[in-house]
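Below is one structure; the comments refer to it alone.
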Amino acid sequence: MKFIKKTIFLLLGLFAMGLLIEVLLGIMFYIKDQHIDQVEVMETRDYPYLYYLFKTGKNLNQHGFKTNYSTVSENNDNYRILLLGGSVARGYEADSTIAVFLEKELERQIPGKNFEVINAGISAFVLQQEFILLQSIGMVYKPDMVIGVDGYNDIATQWYNRFYDSPHPLPPHHWGDFRVIRDNRFKSKPYSRFAYFFKNVDRLKAFLLRKKIDSNIDCNSQNDELKEFISTYRKITLDIKAYCKGYKIPYFQFVQPLQFYNNTSNFNKLDCREQRYFQRYELLNKLASQYGFMYSLNAVIPIEKHWWKDECHVSNKGNALLAKEITNFLKQKIVRSSNH
């Protein structure tokens, strides 16, 4: 009987100590999180195959796209372009996205023709998610042309997912943290019954795991990763091209700019993560030079800081500049496809 009582008191004591640690960690993480600069807070919803889409709302249509256009065009004579990509394609201010500037620039350079540019950019999407979105949702918009403005998320995904043993070389960012995966993983563990009480302890565990993994990363030896990256990216790109060709829809892909790429003299000053991004971006530019339907935007935006929000997002003026460059590339191709 005494043994049972001691065991119960011991378990209660350990639980109380765990709760105390949880509270202290909660205070620490609260102070730490106050310094996080959230560029845009977005509400998401679960969505089959894509993991998530954004909820509908102001300046968002039924699919959470940052556009006023719906799946049904008001004027069937308009030339409709579906724009795929991540947060750079999606943009921030609704009236200053690449899609908005592109629509205006196309109508300016191709007079007598009306355009609709559907902004289907979803923040953090990698190329594989864009392809699935095109098949599951994008074709409902009946586009006359499909274009992608992307690259950064695919460059970053191997770094973001270094904590997860992913079966896919270029998976969605933090795919192991998606709710359905995370919840099932929790349910398979005995401590999942107490997960509600010890969320901050679990966060500390993840932090220590990241530190351990980062300390073992060798940025000077990643040839296999680089080969896997560009091989997978090329395959998905050509799959999208072939899919669109099957519907007789032109497809063009634009590699978005990276702020520190053009300043090559600073390569040795870049940290491990930035050097990895630099090397992958270099491979994307070489790939773009090999295919006529691809085009690199790396030299479009000046390197001065006022053109950039961060290392991949540009200012509103930068979006206008990108839209102009994309229009210059597409102009003759649109006229040619319209004549057919």
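Miscellaneous remarks
- Counted residues, segment 79-119 - those being under 24 Å from residue 336 (Cβ atoms) and assigned to a loop (DSSP other than H, G, I, E, B): 5
- Just one of (1) open to solvent by 30 Å² or more (accessible area, probe 1.4 Å); (2) more than 19 Å from the chain's Cα centre (by Cα); (3) polar (S, T, N, Q) fails for residue 327. It is (1).
- Residues of segment 18-54 that are aromatic (Phe, Trp, Tyr), open to solvent by less than 90 Å² (accessible area, probe 1.4 Å) and modelled with pLDDT under 75: 29 alone.
- Restricting attention to segment 97-150, the residues that are open to solvent by less than 10 Å² (accessible area, probe 1.4 Å), out of contact with any Pro (no Cβ under 7 Å at 6 or more places or on another chain) and polar (S, T, N, Q) add up to 2.
- Filtering segment 195-249 to residues that are part of a helix (DSSP H, G or I), within 30 Å of residue 267 (Cα to Cα), modelled with pLDDT under 75 and among the charged types (D, E, K, R) leaves 210, 211, 212, 214.
- Any chance residue 261 is hydroxyl-bearing (Ser, Thr, Tyr) and out of contact with any strand residue (DSSP E or B) (no Cβ under 6 Å at 6 or more places or on another chain): yes
- Filtered by the rule that a residue be in contact (Cβ under 8 Å) with a residue 24 or more places away in the chain and either within 14 Å of residue 170 (Cα to Cα) or not polar (S, T, N, Q) (or both), segment 206-230 gives 206, 209, 210, 213, 214, 217, 219, 225, 226, 228, 229, 230.
- Residue 272 being open to solvent by less than 50 Å² (accessible area, probe 1.4 Å) and modelled with pLDDT under 95: yes
- Contact map, segment 55-69: first residue open to solvent by 30 Å² or more (accessible area, probe 1.4 Å), second residue of a type in the set (Asp, Glu) and part of a loop (DSSP other than H, G, I, E, B), Cβ cut-off under 8 Å, separation 6 or more or different chains; pairs are 55/43; 57/43.
- Candidates 297, 330, 283: the one that is touching a Pro at 6+ places or on another chain (Cβ under 6 Å) and of a type outside the set (Val, Ile, Thr) is 297.
- Of all residues in segment 281-334, those satisfying the criterion of being polar (S, T, N, Q) and either touching a Gly at 6+ places or on another chain (Cβ under 8 Å) or not in a helix (DSSP H, G or I) (or both) are 296, 298, 315, 319.
- Every condition in (1) assigned to a helix (DSSP H, G or I); (2) open to solvent by 100 Å² or more (accessible area, probe 1.4 Å); (3) at pLDDT below 80 is met by residue 4 except one, and the failing one is (2).
- Taking each residue of segment 154-167 that is closer than 16 Å to residue 258 by Cβ and touching a residue at least 12 places away in the same chain (Cβ under 8 Å) and looking for partners that are among the charged types (D, E, K, R) and surrounded by fewer than 21 Cβ atoms within 10 Å (Cβ to Cβ) with beta-carbon atoms closer than 7 Å, six or more apart or interchain, yields 158/225; 159/273.
- Of the residues making up segment 246-265, those that are open to solvent by 30 Å² or more (accessible area, probe 1.4 Å) and out of contact with any Asp or Glu (no Cβ under 9 Å at 6 or more places or on another chain) are 246, 247, 248, 262, 263, 264, 265.
The values are calculated or read from the model by the stated rules, or taken from the named source; none is laboratory data. Here the structure is a predicted model, which means the values were calculated and not measured. Positions of Cβ are backbone-derived with ideal geometry, glycine not excepted, and every protein chain shown enters the neighbour counts. Note: areas computed on protein heavy atoms with side chains; ligands, DNA, RNA excluded. Shrake-Rupley method; radii C 1.70, N 1.55, O 1.52, S 1.80 Å.
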